[in-house]
Amino acid sequence: MFSHAEGKIELLTGNEIVVRAALAAGANAFFGYPITPTTEILQGWAQEAKDNKGLIYLQTEDEPAAGFGLLGAALGGKKAWTTTAGAGHLLMQDAVVVAEAMRIPFVAYIGQRGGPSTGTVIYSQQELSIARDGGNGEGFRMVLGPSNLQELYELMIKSFDIAWRYRLPVFVLGDGYLSKMTGEVELKKSATTCPAKPIVQNGKKVVNLRNCYSLEDEIATVIKEELKDFGKIAKEIEMSEALNCSDAEVVVFAWGTVGSAAREAVRKLRKEGKKVGLFRPITLKPFGATRAKQAVRKAHSILIAESAFGKFGRLVTESLFGLEGLKVERLYKPAEGILSEEIEDRLRGMLDGA
Amino acid sequence: MEPRMPKCYKKESKPSSFCPGCGHSLTLKNLGFVMDEMKIADSTVFATDIGCSLLAWDFFDVDTVQAHHGRVTAMAAGLKRALPKSVVLAYMGDGGGYAIGLHHLIGAARRNDPITVILVNNTLYAMTGGQMAPTTFKGENTSSSPEGAFADEEPLLGPEFLRPVCHKEAFLARTSVDNPFELKKYLKEAIETQKKGNFSFVEVLSYCPVNWKTDARGTMDFMDHLKEIYKIGVIE
Ligand SMILES: Cc1ncc(C[n+]2csc(CCOP(=O)(O)OP(=O)(O)O)c2C)c(N)n1
Ligand code: SF4
């Protein structure tokens, strides 16, 4: 799917990769507030901005300030972005709904940590629902879920392209493991992403943008238009990985870091000739329901594995609704990692039990 | 003689949605004249908060954007960083500025962000029906401090409060809508200050006859009373 020819290989942490990807995508403004496990991203950008006066950097007084600062900079034509996690992610939703309402490009990397509340600083997949739908509107945002460091790099670059091509918010939904782990990544020499242009002070015409309406039918008309547009964009950007699904009797559904563990389990069992497959959405919003259905054509059962209690599971079962006789098993471990062995064991049981 | 309407008014949006006798309209009218006189309408981004200020989203033929309640200062900070050559105006009410968004004001003031904040002080939350604000004076009757109950704190004096954290070249002042000459003078000085790279802040004591429940005479008297509580002038 991604071509990373001509690249150079480096050993980096996930958080370092996020900064490199943003730079490769032409990002030139960052607004943020420290929170584990993403703080090194803010520090990394500060380090870059210290020597490069072309880069805007502001450590703000809180996450809403980071989000609204980002919005202001994006309105002014800067490829602006932020990063946060957990309770900071909650506060960041304040600005994200403005990005939805006024169609302002907005890029955020989220390093999911344990919840509820301050929870842990370590890891989870519990921020999926707020990333997808954490606003008070219809959720006009895209959510990308990288499963490993290389994909983190590629999807971060892509997030800027999507945000500016379609003028909407994009979350890259990573996690504490991905942020903190070190590994080899192939960096691009250059990446072409949609250029940023000023929305206000655009030299053409006066712009009056609002997020507040006085009449029901006024806002309903706007929402209808947005829904239509969103559907079109969704078709263009939807991505997923379907591994060995065409003849699979059991398909595991997983995303992000857990998707990597599931991939490993599926590969191992395939070597033994077991008919298992993996369906891993790369875009969590839009969620590729049609492809998900295709992936289970031959399956009698599915296993949903996630480090949360059914946030992803509900998405999966909703998208497979109407498929009769499909058995659903769940491996839900909120705020805890899932090993490939655990998935493998469950899959074995499901194959035997059939 | 001054023209009746500023050139930078958006004619299609007039008459505006502000109530008759509202101090917002007077503030904006004078701001319009200032933008005309300084010839900055094309190079200005006007950012509104949520409160009755939101009604100004299409008031001017000037680039205008809207934030959330209290967040306009943070948005202005981002706008100015991206557009250092443009004039960035953040327009808000006293609830937005002094309650939910106070730390954004402090942040911008401490950083000496070269923006101009225009804060309309009508001593209450007008848009939501006249509840108590940080500017409500002791014993003031609002919809959430009936007959003055609960209004037992000293009102927040915004520019005086911000002064100690501001750069020495920052401009902070308080004026009132019944003195258009001074209002324009301070707005101009604030924008000049922004152009020189410093933070500027103008609090405007403003009428809200609807929530004050005052007639014309009562509105004037209310304003006179406000001027006893809130010192007019440049805050040094
Ligand atoms: C986050 C949030 N909280 C509450 C509100 C509801 N609300 C809308 S306007 C407003 C108060 C406005 O008062 P002020 O800022 O003083 O402006 P005024 O209307 O008096 O001009 C409130 C509380 C909101 N829009 N957003
Ligand atoms: S409610 Fe008060 S502040 Fe709001 S428009 Fe009416 S008079 Fe003006």
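Go through (1) assigned to a loop (DSSP other than H, G, I, E, B); (2) not assigned by TED's automatic domain parsing to the domain that holds residue A:128 and name the single condition residue A:210 misses.
Every listed condition holds for residue A:210 apart from (2).
Looking at the stretch B:56-110, which of its residues are open to solvent by 10 Å² or more (accessible area, probe 1.4 Å), within 9 Å of another protein chain (Cβ to nearest Cβ), within 20 Å of residue A:214 (Cα to Cα) and within 11 Å of ligand 1 (Cβ to nearest atom)?
B:68
Among the listed residues A:284, A:278, identify the single one that is surrounded by 19 or more Cβ atoms within 10 Å (Cβ to Cβ), without any contact (Cβ under 8 Å) to a residue 40 or more places away in the chain and under 21 Å from the mean Cα position of the chain (by Cα).
Going through A:284, A:278 in turn, just one is surrounded by 19 or more Cβ atoms within 10 Å (Cβ to Cβ), without any contact (Cβ under 8 Å) to a residue 40 or more places away in the chain and under 21 Å from the mean Cα position of the chain (by Cα): A:278.
In this structure, is residue A:267 closer than 15 Å to residue A:342 by Cα, surrounded by fewer than 16 Cβ atoms within 10 Å (Cβ to Cβ) and either modelled with pLDDT of 95 or more or not assigned by TED's automatic domain parsing to the domain that holds residue A:286 (or both)?
Working: closer than 15 Å to residue A:342 by Cα: yes; surrounded by fewer than 16 Cβ atoms within 10 Å (Cβ to Cβ): yes; either modelled with pLDDT of 95 or more or not assigned by TED's automatic domain parsing to the domain that holds residue A:286 (or both): yes.
Spelling it out, residue A:267 is indeed closer than 15 Å to residue A:342 by Cα, surrounded by fewer than 16 Cβ atoms within 10 Å (Cβ to Cβ) and either modelled with pLDDT of 95 or more or not assigned by TED's automatic domain parsing to the domain that holds residue A:286 (or both).
Assess whether residue A:61 counts as being surrounded by fewer than 23 Cβ atoms within 10 Å (Cβ to Cβ), within 12 Å of another protein chain (Cβ to nearest Cβ) and charged (D, E, K, R).
yes
Take the conditions without any contact (Cβ under 8 Å) to a residue 40 or more places away in the chain and in the same structural domain as residue A:96 (by TED's automatic domain parsing) and apply them to residue A:129. Does it pass? I'd like the intermediate steps shown before the answer.
Details: without any contact (Cβ under 8 Å) to a residue 40 or more places away in the chain: no; in the same structural domain as residue A:96 (by TED's automatic domain parsing): yes.
Here the answer is no, as residue A:129 does not meet what is asked.
For residues in the stretch B:114-135 being near ligand 1 (Cβ under 10 Å from one of its atoms) and of a type in the set (S, T, N, Q), which is nearest to the other protein chains (Cβ to nearest Cβ)?
It comes out as B:128.
Kindly list, by first and then second residue, each pair from a residue in the stretch A:224-253 that is within 19 Å of residue A:155 (Cα to Cα) to a residue that is open to solvent by 50 Å² or more (accessible area, probe 1.4 Å) and at pLDDT 95 or above, limited to pairs with Cβ atoms under 6 Å and residues at least 6 apart or on different chains.
A:240/A:291
Suppose we keep only residues that are within 14 Å of another protein chain (Cβ to nearest Cβ) and not hydrophobic (A, V, I, L, M, F, W, C) within the stretch A:27-58. Which one would you say is least open to solvent (accessible area, probe 1.4 Å)?
A:32
Could you grab me the full set of residues in the stretch B:25-53 that are open to solvent by 10 Å² or more (accessible area, probe 1.4 Å), assigned to a helix (DSSP H, G or I) and either within 16 Å of ligand 2 (Cβ to nearest atom) or modelled with pLDDT under 95 (or both)?
B:25, B:26, B:29, B:30, B:52
Somewhere in the stretch A:87-106, is a residue within 12 Å of chain B (Cβ to nearest Cβ), closer than 17 Å to residue A:195 by Cβ and open to solvent by 10 Å² or more (accessible area, probe 1.4 Å)?
Within the stretch A:87-106 (the criterion being within 12 Å of chain B (Cβ to nearest Cβ), closer than 17 Å to residue A:195 by Cβ and open to solvent by 10 Å² or more (accessible area, probe 1.4 Å)), the answer is yes, since at least one residue qualifies.
Only one residue in A:135, A:174 is in a strand (DSSP E or B) and open to solvent by less than 40 Å² (accessible area, probe 1.4 Å), so which one is that? Break it down stepwise before answering.
On the way: A:135 fails: in a strand (DSSP E or B).
Of A:135, A:174, the one residue that is in a strand (DSSP E or B) and open to solvent by less than 40 Å² (accessible area, probe 1.4 Å) is A:174.
Scan the stretch A:187-216 for residues that are within 19 Å of residue A:26 (Cβ to Cβ) and more than 9 Å from chain B (Cβ to nearest Cβ) and jot them down.
If the condition is that a residue be within 19 Å of residue A:26 (Cβ to Cβ) and more than 9 Å from chain B (Cβ to nearest Cβ), then A:187, A:188, A:189, A:190, A:191, A:192, A:193, A:194, A:195, A:196, A:197 are the ones that fit.
Confirm whether residue A:216 is touching a residue at least 40 places away in the same chain (Cβ under 8 Å) and either surrounded by fewer than 19 Cβ atoms within 10 Å (Cβ to Cβ) or charged (D, E, K, R) (or both).
No: the conditions fail for residue A:216.
Which condition breaks for residue A:252 when tested against (1) within 26 Å of the chain's Cα centre (by Cα); (2) outside the structural domain of residue A:336 (by TED's automatic domain parsing)?
(2)
Could you check how many residues of the stretch B:111-143 are open to solvent by less than 30 Å² (accessible area, probe 1.4 Å) and within 16 Å of ligand 2 (Cβ to nearest atom)? Quick ask: steps written out before the conclusion?
Just the residues of the stretch B:111-143 that are open to solvent by less than 30 Å² (accessible area, probe 1.4 Å), to begin with: B:112-113, B:115-124, B:126, B:130, B:133, B:135-137, B:140, B:142.
When the remaining residues are screened for being within 16 Å of ligand 2 (Cβ to nearest atom), the result is B:118-124, B:126, B:130, B:133, B:135-136, B:140, B:142.
Looking only at that region, the number is 14.
Which of (1) more than 10 Å from every other protein chain (Cβ to nearest Cβ); (2) in contact (Cβ under 8 Å) with a residue 12 or more places away in the chain; (3) part of a loop (DSSP other than H, G, I, E, B) does residue A:20 not meet, given it meets every other one?
Of everything listed in (1) more than 10 Å from every other protein chain (Cβ to nearest Cβ); (2) in contact (Cβ under 8 Å) with a residue 12 or more places away in the chain; (3) part of a loop (DSSP other than H, G, I, E, B), residue A:20 misses just condition (3).
The values are calculated or read from the model by the stated rules, or taken from the named source; none is laboratory data. All values derive from a computational prediction rather than experimental measurement. Reconstructed Cβ throughout: ideal geometry from the backbone, glycine too, with neighbour counts over all protein chains shown. Note: accessible area is taken over every heavy atom of the protein model, side chains too, but ligands, DNA and RNA are not part of it. Shrake-Rupley method; radii C 1.70, N 1.55, O 1.52, S 1.80 Å.
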